[in-house]
Amino acid sequence: MLDDKKQTAKEIKQEVEKTTQQAIQTLKRIAKIIKGVVVSIKNPVTWIIAGIIILVIALIGMTQVLGKNEVGHVCVYTDDKGQTVQVDEEKAKKEAEAENKKYATSSAKPTHKDKCERIGWGIKTGTTGSVTNDDATANGGGEFGSVSAWDDNKSDFGKPDMSHSGYKSNLMFGQCTWYAYGRRAEIGKPMPTQAMGNGGDWGYTAQRLGMDVDHTPKAGDAVSFPPGVSGADKTYGHVAFVEKVLDNGDFVVSESNVGGYPAGTVTMRTIPASSAQYAWFIH
């Protein structure tokens, strides 16, 4: 029995010595690492590398945050009952999937997604629309015309006053919808709602709201170009403001979001009279 106790004590001693040696080795490794870190900190190159790494991490973080703010799209339009509908893209997709489960594909009920696919999606922060001469060659009719800087002689209303409250709407700054909405308000002919849809949808929305809409341009009109017409964006269309109608029938518009110009730049464009038949003029 005594021999057993001696053997046990010996084993415990050996185990303690082994553990102690392992702890010492671990401490030595830690000390070596700390020493390396201290040496690295003294090296300017280390600080440069660390700064680059921090900058990259920050940029990735910002991208993630901004991406979350911009992810998804909305579509705004007026339904057959005259009610303004604003639909989130994800919601529309889920709705379409649910409807297709209820009905056969050949007889599936029309959904918000169907409507919005036709008039185009705008980013969540507002409706959109644009125009560029490049699109005029493969369009839905109408000529692009000629772009120029602001010219008082081409307007019956004078230069836009950007301090007017109409330009402080919830519509996205710089978009064609933002400018057309503000310009109409500035001359005393405000649109009945900000939710007119994308630029190419204004004509149809205005008709549903009971406004006077046709293909005859008049000074003070908002003019809606459906997708592809006179260089309008092939998805969202475009909307502008009619500043003047010339004696030969050509009409001069002022507009924002013309391709190649900074956001918020207001330019003028003279469009041939023959193109009026493809656009909707909201009186």
Checklist entry - Does A263 satisfy the condition of being hydrophobic (A, V, I, L, M, F, W, C), surrounded by fewer than 16 Cβ atoms within 10 Å (Cβ to Cβ) and over 26 Å from N153 (Cβ atoms)? => result yes
Next on the checklist: Condition first: assigned to a strand (DSSP E or B) and more than 16 Å from S275 (Cβ to Cβ). Can you find one or more residues in segment 212-221 that meet it?
Outcome noted: yes
Checklist entry - Going by the structure shown, is G166 crowded, with 23+ Cβ neighbours inside 10 Å and at pLDDT 90 or above? => result no
Next on the checklist: Tell me yes or no: at least one residue of segment 258-265 is over 20 Å from the mean Cα position of the chain (by Cα) and among the hydroxyl-bearing types (S, T, Y).
Outcome noted: no
Next on the checklist: Going by what's in this entry, would S254 be described as assigned to a strand (DSSP E or B), in the same structural domain as N170 (by TED's automatic domain parsing) and buried (at least 16 other Cβ atoms within 10 Å of the Cβ)?
Outcome noted: yes
Next on the checklist: I'd like to know if segment 171-188 contains one or more residues that are small (G, A, S), assigned by TED's automatic domain parsing to the domain that holds M268, out of contact with any strand residue (DSSP E or B) (no Cβ under 6 Å at 6 or more places or on another chain) and at pLDDT below 90.
Outcome noted: yes
Item to check | Test: residue in segment 269-279 that is surrounded by fewer than 21 Cβ atoms within 10 Å (Cβ to Cβ) and part of a strand (DSSP E or B) | outcome: yes
Checklist outcome for this item: Result of the Cβ filter at 7 Å on segment 175-197, keeping first residues that are part of a loop (DSSP other than H, G, I, E, B) and partners that are modelled with pLDDT of 90 or more and hydroxyl-bearing (S, T, Y), at least 6 apart or interchain, is Q175/S256; M191/Y181; Q194/Y181; M196/T177; M196/T205; G197/T205
Item to check | Matching residues, segment 229-251, being more than 20 Å from the chain's Cα centre (by Cα) and either outside any loop (DSSP other than H, G, I, E, B) or not assigned by TED's automatic domain parsing to the domain that holds N153 (or both) | outcome: V229, F241, V242, E243, K244, V245, F251
Checklist outcome for this item: Scanning segment 192-223 residue by residue, the ones that are surrounded by fewer than 23 Cβ atoms within 10 Å (Cβ to Cβ) and either more than 23 Å from E143 (Cβ to Cβ) or of a type outside the set (G, A, S) (or both) total 16
Checklist entry - Among the residues of segment 200-209, is any of a type in the set (F, W, Y) and either in contact with a helix residue (DSSP H, G or I) (Cβ under 6 Å, 6 or more places away or on another chain) or part of a helix (DSSP H, G or I) (or both)? => result yes
Checklist entry - Would you call P226 modelled with pLDDT of 95 or more, in the same structural domain as G145 (by TED's automatic domain parsing) and crowded, with 23+ Cβ neighbours inside 10 Å? => result no
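The values are calculated or read from the model by the stated rules, or taken from the named source; none is laboratory data. Predicted model only: the values in this text are computed from it and were never measured. Methodologically, a virtual Cβ is constructed for each residue, glycine included, from the backbone with ideal geometry; neighbour enumeration extends over all protein chains shown.
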